[in-house]
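The next block holds one structure in the form of structure tokens; read it before the comments.
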Amino acid sequence: MGKKDGGIDGKKRKKNFYKNFNKRNTGKKVEPDMKGFLVTFEKKEYDAVRDCFSILSEYAEKLWGPEETTEEGDDVQEDFEQELKALRQRDFSQRRFQKLKTDVPGNFFMRTTVEDPARLVTAILEDIKTSGKQKSRYILRLLPILATCKAHVENIRKATETVLSEYTGCPEGARYLIVHRIRNNDEIKNAPLTSEIIEVVKQVKPSWVPDLKEPQVILMIDVLRKVGCISLLKDYYDYKKYNIHALSKSEEDRAEGKRVEECKQDEAEPPKKKLKKEDEREKQSA
């Protein structure tokens, strides 16, 4: 068969396979001891999940290569069938990305097998910031989760201690800020949680300095009902709080910005220079 059968049609079949597989596993929920991504979406979860799979897979392949490699043969269709067979046989938990429920409206969790979720998100955000291209109409925030745990203060403390002890993304004396969001959980209170996390930072990163205005890294604690999620977010405000929708600009916005800039340059041009150009045109016409 030709490349068309294994190329364009093959990609469609692969997408359909992922969609159907995702439907069969919609009941699975985020649990302790996971890494991944906390995704906030707007209105249409199905479309947000589809976009999330696409975006994460695109940049993961750039960083670490394809998820499944097979020996290339002469028959593209045969290679594609082998790839699908391998995907079907692989256990759900071994897949590079797995969508899980959070029991909190407007959020889902994307579990991952990649070692560094933060590196992947940074690559996505940096590309969007540079290009201005909108990657999804439905995804709002995309947060890298370095650890999950049970939603109890002591468990969150231990998970945060582990994450901080392994973290090397900031220099000595880094400025930090603790941010936490507690949703669908009445047991954890803000003040006790904050006090515990401050003590952990003092013990594990004694050189770090709290800074409310210009932190270099945000220590984010997300409590989603019975699960706590730990993140370390660099350049939080520069990346629009990791909101990929806000970070991107449409082509129309970029074009409009260019037109506005040109108008400003025209208005700033000295009047005498304009008159000189008009005099030259009059001489030429004479």
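Bear in mind that the values in this text are calculations on the coordinates, not laboratory data. Note that the coordinates shown come from a computational prediction; the quantities given were computed from them, not determined experimentally. Quick reminder, even Gly has a Cβ in these numbers, built from the backbone with ideal geometry, and neighbours come from all protein chains shown.
Which residues among the range 130-173 fall inside the zone where the amide N is under 15 Å from a point 7 Å beyond the Cα of Leu63, along Cα→Cβ? Only 142-147, 168-169 pass the distance filter. Quick check on the range 158-199: take the gyration tensor over C-alpha atoms, sort the square-rooted eigenvalues as a ≥ b ≥ c, and tell me if it's rounded (a/c under 1.5), prolate or oblate. In terms of gyration-tensor shape, prolate.
One decimal place: the segment Asp238-Asn185 gains 16.1 nm when fully extended, by the rule 0.36 nm per residue minus the C-alpha distance. Going by the alpha-carbon gyration tensor, a ≥ b ≥ c the square roots of its eigenvalues, is the range 98-247 rounded (a/c under 1.5) or, if a/c is not under 1.5, prolate (a/b greater than b/c) versus oblate? Since a/c reaches 1.5 but b/c is at least a/b, the shape of the range 98-247 is classed as oblate.
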